[in-house]
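The values are calculated or read from the model by the stated rules, or taken from the named source; none is laboratory data. The shown structure was predicted, so the numbers you read here are calculated from the model rather than taken from an experiment. Don't worry about glycine lacking a Cβ; one is built from the backbone with ideal geometry, like all the others, and counts go over all protein chains shown.
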């Protein structure tokens, strides 16, 4: 499989990257998500890529750049719900009855809910009894605890449920790859600037090994995510296995690189002013979206041939 980007894909990547650099510097990202973020991404075509004739592989390229810039908001849900819901759309995958955690409740117009029967759309205005978390894991992703979600309107059945879970896992994986890449870039830059014993710390063998491992980890995850996206677009192998493997590798790359970046930054890595902790916390949060690492590992294991069977 050839992972070289086409000219159109390079133009898409460069366009999204340019928009992120100019419109979403870390100072603005730290302000969190609001309607202006949604509107600007909508103008850039992030949510309408599929309707405009692009495939999931193209969307993954865009979401990798969004992850690299750590753009906040329910972006994957907005992409999935494009054309089915108006306004700002958040989402949740409900795996069991009972209280749920809803992200960005104060900012969204509707909540897309994946349940055992399909997908339903719940207006945010009818969600009652929500309790905000005082200290969410990711400070840029406010969450509310909701005891019970209203029924809402059914917009799709099992087929849409399956499609959204596969595509959502790929796009979250692409975002996580962007986080892994950003942590690598931040660490390389800091290792070139920070000096000890009159030498950049990047010249020390131990730091070189950390940085090299981060780069390799990112590229392996990127290849896996792009392979999964291409497989969803044009199934040539087991789709579920490809998607679960990609989400698993991307989540591990983002979290492990976030921890490694904290180590490279030393004592500064633990401070609020340094951006590394924001990437790591987002990686932890997204690790539970569209399937946990454990669930995807089980899926990959279930797809493997039994001992003695022909693959």
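Here residue 16 qualifies as within 26 Å of residue 223 (Cβ to Cβ) and in contact (Cβ under 8 Å) with a residue 24 or more places away in the chain.
In this structure, residue 103 qualifies as under 17 Å from residue 172 (Cα atoms) and modelled with pLDDT of 95 or more. For residue 266, the conditions (1) surrounded by 15 or more Cβ atoms within 10 Å (Cβ to Cβ); (2) at positive phi are fulfilled apart from (1).
For (1) out of contact with any strand residue (DSSP E or B) (no Cβ under 8 Å at 6 or more places or on another chain); (2) at pLDDT below 95; (3) over 25 Å from residue 256 (Cα atoms), each residue gets a yes or a no:
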| site | (1), (2), (3) |
| --- | --- |
| 195 | yes, yes, no |
| 201 | no, yes, no |
| 212 | yes, no, no |
| 220 | yes, no, no |
| 223 | yes, no, no |
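For residue 182, the test of being outside the structural domain of residue 69 (by TED's automatic domain parsing) and outside any helix (DSSP H, G or I) is failed.
Out of 299, 288, 240, 256, one residue alone is touching a residue at least 12 places away in the same chain (Cβ under 8 Å) and more than 23 Å from residue 57 (Cβ to Cβ). It is 256. Set side by side, the residues 1, 26 differ, and just one is surrounded by fewer than 16 Cβ atoms within 10 Å (Cβ to Cβ) and at pLDDT below 95, which is 1. Restricted to segment 81-95, and to residues there that are modelled with pLDDT of 90 or more and more than 21 Å from residue 106 (Cβ to Cβ), the residue that is surrounded by the most Cβ atoms within 10 Å (Cβ to Cβ) is 82.
Within segment 123-154, being farther than 27 Å from residue 283 by Cα and crowded, with 16+ Cβ neighbours inside 10 Å holds for 127, 152.
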